[in-house]
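Below: one structure, written as structure tokens.
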Amino acid sequence: MPTLPRLDYLDRLEAEAVHILREVAGQFQRPALLFSGGKDSIALVRLAQKAFRPGKFPFPLVHIDTGHNFPEVLAFRDRLAAELGEQLIVRRVEDTIRQRGLREPGGKFPSRNALQTYTLLDTVEEFGFDACIGGARRDEEKARAKERIFSVRDEFGQWDPRRQRPELWNIYNGQIQPGENVRVFPISNWTELDVWNYIQRENIPLPSIYFAHERRCVVLPSGQLLAVTEHLTLDATDELTTRQVRFRTVGDATCTAAVESDASTLAAIIDDILQAKVSERGATRLDDRISETGMEDRKRNGYF
Amino acid sequence: MDLLRFITCGSVDDGKSTLIGRLLYDSDAVSLDVLAALEEQNRTSAAGTVDLALLTDGLRAEREQGITIDVAHKYFTTPRRKFIITDTPGHVQYTRNMVTGASNADLAIVLVDARQGVVEQTRRHTIVAALLGIRRFVLAVNKIDLVGYSEQVFRDIVADYAAVAAQLGLRQVVSIPLSALNGDNVVKPSANLPWYQGPNLLEHLETVTVATEATTDAARFQVQYVIRPQTAELPDYRGYAGRIQSGVYRPGDRVLVLPAGIETTLAAIEIDQQAVPAAVAPQGVVLRLADDVDVSRGDTIVPLAQAPVPTRELEATLCWMAEQPLRPGRKLLVQHHTAKTRAVVQAIVARTNIQTLEQQPAAEARLNDIVRVRLKTARPLAADTYQQNRTTGAFILLDEQTGATLAAGLIEQTAPAEPEVEL
Ligand SMILES: Nc1nc2c(ncn2[C@@H]2O[C@H](COP(=O)(O)OP(=O)(O)O)[C@@H](O)[C@H]2O)c(=O)[nH]1
């Protein structure tokens, strides 16, 4: 008699995520996987392969492109979709700005993060998506700690923390009314470290900007480093420097800080994280600091 | 490294949030910028030291009202284990959140304030956690600093709680005196508690045996999704994707597809497109059948020898979670994992007084009530009792119109006996 498999915590997290992805496939007519090109959504793609191969994914990959992405990430995205043979839908914040006559965010470090919400909601409407799978994790931020795995949104994409459905056992309720849709977070229970460990275990390729490389950066007053890109308006007084850096998340180039590091392998990155005393969002995202309840406000407004 | 999921429960102000904050803080799970934000927030609200509870009280409404109103999840890892904490609210009106949290936990930490001892809520929370199938409990006697670290106070509380545990048949209770605020006995032993010889809280959490799914349980699997590539290379491939809910599956097993009752053989079990010699709960797998039978989402595939009898009549315990009361005759949807069917509530048999565990007659179920009901479903379900199986013995009830989750259901009996007749 063969010995039975012994499951460790990563096997359990993986099994949970695969189960959730298959629930989406089983319960919805027109799901979509929101793909950012970041490590969390790349891990989701790997999990979708585990859930659905040798079949095709029962959903397209959807990228909401702010226009401020790192070119390395966009190239990676296109290559991955082609290798997978899966459909990739790209919708641009730029087009939303034009169509809706929205104002471009100004300032020195213009962030289009807030505008993504509009593009996302328009895209949901355009394709009639009834479920959008995202790579958000509960450990990212306090407001996310209370997010359900199946999170029902009204027709405006809004999230009402008081009206969330209780989520019992691992039974996921995707029953919705016309106009409503659901955000689904299969890796809710993963931490940043879990994602890295999984990527290492599964040997998953990532965009190059996750690994240490030399980059021209501007030093912010907070001491954080921001990549010099065409989207920034620099003054003569800005302090510029070239450093060995990597990125911990791959959001907008205008608001995702680089961290100094010479970690050029997954093992070195994991080591870095174990040492790191600054959490992911704090180290790298500038725009959550705007208000203490930044994430909560954006969630109510229909952001992921 | 394995995984432990636990809930924390207690009355408001017993120190739950502080305790979780302390676990995160002392086990180094809190990063510097979160701490900095916390200190900033503390400076602007009340003067004083870091309020650890702010680490868990996430939503603005809670910050404003100063209470925990929903289920929050927190994560930390030690070299020995990964932990998922579900923090559930203390208020009576949030029993449904407590039920939600308990449904996914292997262990419950029941917090009491050493000055108050075992109170109504302690009993209530323990009953709810036990009802949901939790067997491992920690009685955390908090604020021991406020009773002069008294051994006698601790002993008295432990004795009171033993009576509750005995009534519920709970045999795995570990009692720990601690001060969440000062950190005594949370992740470090305390010099203030020389009379206490047992493990500190973290030590216990790291070493308590976790629920590894018993491989001796009856094997259960429900189809989530049918994989049919229909490509040139795989024109006829049909795989039934799902999660093993309990027990062990092996290729070659004679199996039954329920509720149809079709017999066939398990031709292969695939994980990540590789055939495997055996698979166990909670692995996600693809089952291949030897015969071309009609199988769809919601169907159960079980080894012949262990098959349950599909039933359309269930007796179940419900935790009613909706504002609108439940009355007999109500039609709703049953979601039994991947199987969904219409159902009618034929009778409310009794309401459980979750203070005394007494069964009382009831005409309706109100928000947060625990009631026993009889249900009749449109389609037969391949179900077990909750006693037998914490997965396939569970279901939820949905509103037919809105889709809202109305109740948690625990199956007590799958083929209820005929009602007794008066002679
Ligand atoms: N002296 C003392 N105070 C505590 C202890 N634990 C919590 N507290 C205080 O009790 C109050 C309520 O704690 P909190 O964690 O918010 O309780 P919750 O409502 O159960 O989450 C706060 O003022 C805490 O500082 C303890 O072990 N000793």
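Structure above, values below:
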quantity	calculated
Across A:K39/A:K146; B:K16/B:K331; A:K39/B:K74, pairs whose alpha-carbon gap is larger than 28 Å	B:K16/B:K331
Shielding by partners, peptide A:48-58 (average Cβ within 10 angstrom, other chains)	5
Shielding score for B:81-87, defined as the mean number of other chain Cβ atoms within 10 Å	3
Length-normalised contact order for chain B - Cα pairs under 8 Å, 6+ apart - percent	11 percent
Residues B:E120 and B:A415, FRET efficiency given R0 of 41 Å [Cβ-Cβ distance, rounded to 0.05]	0.65
Cα gyration tensor shape of segment B:303-354, rounded if a/c is under 1.5, else prolate or oblate by comparing a/b with b/c	prolate
Sequence of A:C255, B:C9 once ranked by neighbouring C-beta atoms within 10 Å, starting from the fewest	A:C255, B:C9
Computed FRET value (nearest 0.05) for B:S296 with A:K56, which takes r as the C-beta separation and R₀ as 22 Å	0.75
Cα gyration tensor, segment B:316-391 - rounded (a/c under 1.5), prolate or oblate	oblate
Fewest-first sequence of A:C217, A:C132 by Cβ atoms within 10 Å of each Cβ	A:C217, A:C132
Peptide A:10-21 - average C-beta neighbours from other chains (10 Å radius)	5
When the convex hull of its Cα atoms is projected in every direction, mean area for segment B:136-285 (nm²)	14.2 nm²
Mean residue ellipticity (222 nm) of chain B, computed from DSSP H runs ≥ 4 via -39,500 (n - 2.57), nearest 500	-5500 deg cm²/dmol
A:R248, B:R135 arranged by Cβ crowding within 10 Å, fewest neighbours leading	B:R135, A:R248
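All of the numbers you see were taken from the coordinates with simple rules; none came from a lab. Quick caveat: nothing in here was measured; it's all calculated off a predicted structure. With ideal geometry, Cβ positions are generated from the backbone for all residues, glycine too; neighbour counts draw on all protein chains shown.
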